[in-house]
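Visitor: Below you'll find the structure I mean.
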Amino acid sequence: MLDLDPSFRPVLRRDGYLPLEDLGVIGDGTTVALVGLDGSIPWMCLPRFDSEPLFCGLLDHEYGGHFAVAPEDLVEARQLYEPDTGVLTTELRSTTGLVRITDALVLRSGADLTDDAPVGRAELIRSAVVLHGTVRLRVDVKPRGGGQARALFNGLEIQVSRRPDLRLHLRCNRPLTALSSTHDLEQGDRLDLVLSWGRFHRHHRFDAESMLRGTADAWHRWMRHFSYRGPEEPLVRRAAITLKLCDDWVNGSLVAAPTSSLPAPVGGIRNWDYRYTWIRDAAFAVFAMRRIGFGEEADAFLGWVLDAFEQSRRPRIMYDLRGGPVPDEVEDNELEGYRRSTPVRWGNGAADQRQHDVYGEILDCADQWLRSGGELQPALWADLAGLADAAEHAWRQPDQGIWEVRGEGRVFTYSAGMCQVALDRAAAIGQRLGLPARTAAWRAQAGKLHRLILEQSWDEEAKTLSEHLDGGGSLDASLLALPLRYVVPADHPRMVATATAIAERLSAGDGLLYRYLHDQSPDGIAGDEGAFVLCSFWLVDNLVAQGRTEEAEELYASLCARASPLGLLSEQIDPSTGEFMGNFPQAFSHIGVIASGVNLARARAGAA
C-alpha cells in the first residue's frame, strides 16, 4: 500500500534478490533506473530504455552489476518520493548512524515535460547526507562485464568492457581513485555522485543541490496539469508520474515496462522483454492520461501510433521506441535470471504474431486523434481505409490474441470485437469528414459483427460469452474489455452474465483474476502464472457501468492497497503470497489505477 511516510523496515533478500516491492523507479524520458531499498541501483539501460543494461544485477545479483551507495552494517531502511516528483529518497540506518540518499535522473533547468523535446541531461545523481551519527559509506560502481577507471577532469572516466560505445564519467565532491571506495562521514556531511554518459567538460559546474532542485521543479510544473478528484487520489497521482516515467518524451511512445525477463512466476520460463511499445498499451494510456489533465501526452501517444503505422505501411502489434521493428528474441545464457528464473531474454518473439486486435487499436487511435483536433492526410487515410477493409475479413481467421499465446491460434472473441471497433471507427471517420470510403458497408459489417459476437460466442450452458467465437464456454478476462471499447454495453444481460462468470471462474481470490485457466486454455508455454492486475481493474469498470458502484469501490480499494509502499505495481501478483511478479513497474497496471478511478469518480458525481 502506498505510504507517504513509511516506517523503517529490515532489508530482506530472497535468493540474493530484493523483492520487487522494495524497488523504486526514477527516469528522464529516455531511460530509467531502479533503486533498491538497500541503496543499490541494480537496473539501468543506457542510453535508452531498450539499450543493453549497464547495471543488470536485477537479473544476476553476482555478475549483472550495480551502482551501490550504502552504509556498512545496514540495519533497516525506508523509501519515499519527494511529493509529485520522480525524485526518490532512501534513508538507511546502520548501527552507528542514519544517511539519506536522494536519487534522480537529472532534468534540465526550466524543463517543460509536456514538450516533445529532450529534457534529460544524461546524468544520474546520487546525493547522500548523514542525518544522524556517523556512517562509513560504501560506493561500488560495477558495470555488467566490468570496467576500467582512470582519472579525468575532476572525477573518473569509466570504460565499460561490454560497451565500448559508452563514454562514462563519474564525478564526486570528494576524491575518487577507483570504482569502489569507502567514505567516513559525520552528521551533516555530504557525498554527491554524478554519473554522466553524454558530453562532459573539465569546468562543468558541480552543484548537486541545484540539479536536484531543478529536477523536482520540472516535475512540479508538469503535475500542475493534474486534474482528478476521486478515490485513492495519492495513488492516482503517483500512477500518473509512473506512466510518465515509462514514456519516451521525445518520440511519444510508451514502454510496456522498463524491464526485461522478470518472471511470472518465479522459477518459471514466462520471462519476456517489455521495453517496447505495444499499440494497445498506447490506446489504453490515451484514455487514462487525457482524463486526468494530460492531453499533450495523450496526443503524443496518438501521433506516435499513426506515425509508426504510416512508416511501416502495415499493422504491427509492437514497435521499438522510434517506430521501427522490435529486435528478434534471443536468450542470454550468461545471466542466471531474477531469483534464478531462466531464461533471460532480449527482444520479443511475439512482435510478428498475428493479432487481429491491432486493426481496432490503430483505427481507434485515429478516431481519437481526429476528435482531439488532429488531421489525416489523404495517403494515411487510404492506408487506414485499407485496414478497415482487412478487418472486415480478418476476424474469421485464427490469431494469437491479446495474450500472445505461443501455441496454435484460435478465433478469439476479443480479436473479433476489435475488428468490429476497426469497422465502426472507420465508418465514423469517413462519415464525419466526408471522405471517400465504403462507409455504409463498414457500418453494416460492424453491426453484423456486434450481433455475431453476442450470438455465436454465447454458451447457453455456461451462461457466458466465450473466449473463442465458436463458443465452448471457456473464458479469458479480455472479454471484460469489450465494454471498454464500446463493442458490447456493460449492462447488456449477456455481458453482465459474462462479468459474473469471470469474477467466479477466473478468481484468484481477494479480488484478483487470472487472465485464463491454463488447463482450459493452453497457450503453448509450460507452467502457470499469477493474477494479472489489469484484469481486476477491468472488472471494476464493468461493475461501475452496471451501476454496482459500492462493489466497484470495494474492489478498487482492495486493488490499490496492493501497491508497494512507493505506490508502484507489477504486471502480476502471486495470489498465495501477495508478492509482485512479472515486469516492473508495469504501465498497464497503472493505467488501470487511473482509468478505474476516473470511472468511479464520474459515477460518484453522477449519483450526487
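Visitor: Please give the per residue accessible area of region 1-84, computed with a probe of 1.4 Å over protein heavy atoms only, in Å².
Guide: Ligands and nucleic acids excluded, the figure is 32 Å² per residue.
Visitor: Could you work out the local net charge near residue 229, counting Lys and Arg as +1, Asp and Glu as -1, over the other residues with Cβ closer than 11 Å to its Cβ?
Guide: Its environment carries a net charge of +1.
Visitor: In addition: In Å, what Kirkwood hydrodynamic radius results for region 1-94 from the alpha-carbon pair distances?
Guide: So the Kirkwood estimate lands at 13.8 Å.
Visitor: So, one more: Report relative contact order for the chain in percent, whole number only (criteria: Cα-Cα under 8 Å, sequence separation at least 6). Could the numbers behind the result be given before it?
Guide: Details: 1411 pairs, mean separation 81.6, N = 608.
Computed over the chain, the figure is 13 percent.
Visitor: Mind ordering 592-601, 524-533 by average Cβ neighbours within 10 Å, highest first?
Guide: 592-601, 524-533
Visitor: So how strong a dipole does the chain carry about its Cα centre when Lys and Arg Cβ are +1 and Asp and Glu Cβ are -1, to the nearest 20 debye?
Guide: 1300
Visitor: How far is the Cα center of region 66-101 from the Cα center of region 187-259, in Å?
Guide: Spelled out, the Cα-based centre of one part sits 18 Å from the other.
Visitor: Would you please give the residues with an amide H less than 5 Å from that of residue 76, counting only those at least 5 places away or on a separate chain, with H modeled from the backbone geometry?
Guide: Residues meeting the amide H criterion: 93.
Visitor: Can you tell me the orientation of helix 413-433 relative to the chain, as the angle in degrees between its alpha-carbon axis and the longest Cα principal axis, to the nearest 10?
Guide: Helix 413-433 sits at roughly 80 degrees to that axis.
Visitor: What residues qualify as long-range amide H neighbours of residue 189, i.e. H under 5 Å apart, gap of 5 or more or another chain, H built at 1.01 Å from N?
Guide: Under 5 Å from the amide H of residue 189: 130.
Visitor: Taking log10 I(q)/I(0) by the Debye sum over Cα atoms at q = 0.07, 0.09, 0.10, 0.11 Å⁻¹ as the quantity of interest, determine which of (1) -0.43, -0.70, -0.86, -1.03; (2) -0.65, -0.92, -1.05, -1.16; (3) -0.45, -0.76, -0.94, -1.14 was computed from the displayed structure.
Guide: So the calculated entry is the one marked (1).
Visitor: Taking θ as phi - 60°, what are the ³J(HN,Hα) couplings along region 369-385 by the Karplus curve (6.51, -1.76, 1.60), each to the nearest whole Hz, with x for Gly and Pro?
Guide: 4, 5, 5, 8, x, x, 10, 10, 6, x, 5, 5, 4, 4, 5, 5, 4
Visitor: Against the 2.2 N^0.38 Å scaling, with N counting residues, where does region 560-608 land? I'd like the Cα-based Rg ratio to two decimal places.
Guide: 1.36
Visitor: Among the aspartates and glutamates, which fall within straight-line cross-link reach of residue 448, defined as a Cα-Cα distance under 18 Å, with same-chain neighbours fewer than 8 residues apart omitted?
Guide: Here the aspartates and glutamates satisfying the reach criterion relative to residue 448 are 357, 389, 392, 424, 470.
Visitor: Report the charge-dipole magnitude of region 196-325 in Debye, nearest 20, computed about the Cα centre from +1 at each Lys and Arg Cβ and -1 at each Asp and Glu Cβ.
Guide: The calculation lands at about 80 debye.
Visitor: Note the angle between two axes, namely the Cα long axis of helix 233-245 and the longest principal axis of the Cα atoms of the chain, as a number of degrees from 0 to 90, rounded to the nearest 10.
Guide: 80
Visitor: Restricting things to alpha carbons, tell me how big region 477-608 is in terms of Rg and Dmax, in Å.
Guide: Rg and Dmax of region 477-608, Cα atoms, are 14.5, 50 Å.
Visitor: Using the C-alpha atoms of region 176-227, what convex hull volume per residue, in cubic angstrom, is computed?
Guide: Here the figure is 165 Å³ per residue.
Visitor: Which angle between 0 and 90 degrees, to the nearest 10, do you get for helix 493-505 versus the longest principal axis of the chain when only C-alpha atoms count?
Guide: Helix 493-505 and the main axis of the chain meet at about 40 degrees.
Visitor: Below 8 Å between Cα atoms, with a sequence gap of 6+, how large is the relative contact order for region 27-130 in percent?
Guide: RCO, region 27-130: 21 percent.
Visitor: With a Cα-only, solvent-free Debye model of region 259-372, what are the log10 I(q)/I(0) values at q = 0.14, 0.19, 0.21, 0.22 Å⁻¹?
Guide: Each listed q corresponds, in turn, to -0.64, -0.95, -1.05, -1.10.
Visitor: Residue by residue through region 165-182, what is 3J(HN,Hα) from phi via Karplus (6.51 cos²θ - 1.76 cosθ + 1.60, θ = phi - 60°)? Round to whole Hz and write x for glycine and proline.
Guide: 6, 8, 10, 10, 9, 10, 10, 8, 7, 10, x, 10, 10, 8, 6, 10, 7, 10
Visitor: Positive end of the charge dipole of region 61-173 (Lys, Arg +1 and Asp, Glu -1 on Cβ, about the Cα centre): tell me which of 133, 85, 173 has its Cα farthest that way.
Guide: So the residue furthest toward the plus end is 173.
Visitor: Looking at region 142-246, which trypsin sites (Lys or Arg not before Pro) are DSSP coil and have at most 12 other C-beta atoms within 10 Å of their C-beta?
Guide: 199, 202, 205, 224, 229
Visitor: Convex hull over the Cα atoms of region 166-318, averaged projected area in nm²?
Guide: Mean shadow area of the hull around the Cα atoms is 14.8 nm².
Visitor: Evaluate Rg over Rh across region 51-108, taking Cα atoms for both radii and Kirkwood's formula for Rh.
Guide: My calculation puts Rg/Rh at 1.04.
Visitor: What list of ³J(HN,Hα) couplings, whole Hz, do you get for region 208-215 from phi and the Karplus terms 6.51, -1.76, 1.60, once you set θ to phi - 60° and write x for glycine and proline?
Guide: 4, 5, 5, 5, 5, 5, x, 5
Visitor: Tell me, what is the percent relative contact order of region 120-186, built from C-alpha pairs under 8 Å that lie six or more residues apart? Write down the numbers at each step before the final one.
Guide: Values: 89 pairs, mean separation 25.7, N = 67.
Across region 120-186, relative contact order equals 38 percent.
The values are calculated or read from the model by the stated rules, or taken from the named source; none is laboratory data. Note that this is a predicted model, so its numbers are computed, not measured. Neighbour counts run over all protein chains shown; Cβ positions are idealised from the backbone, glycine included. With ligands, DNA and RNA removed, areas are computed over all heavy atoms of the protein, side chains included. Shrake-Rupley method; radii C 1.70, N 1.55, O 1.52, S 1.80 Å.
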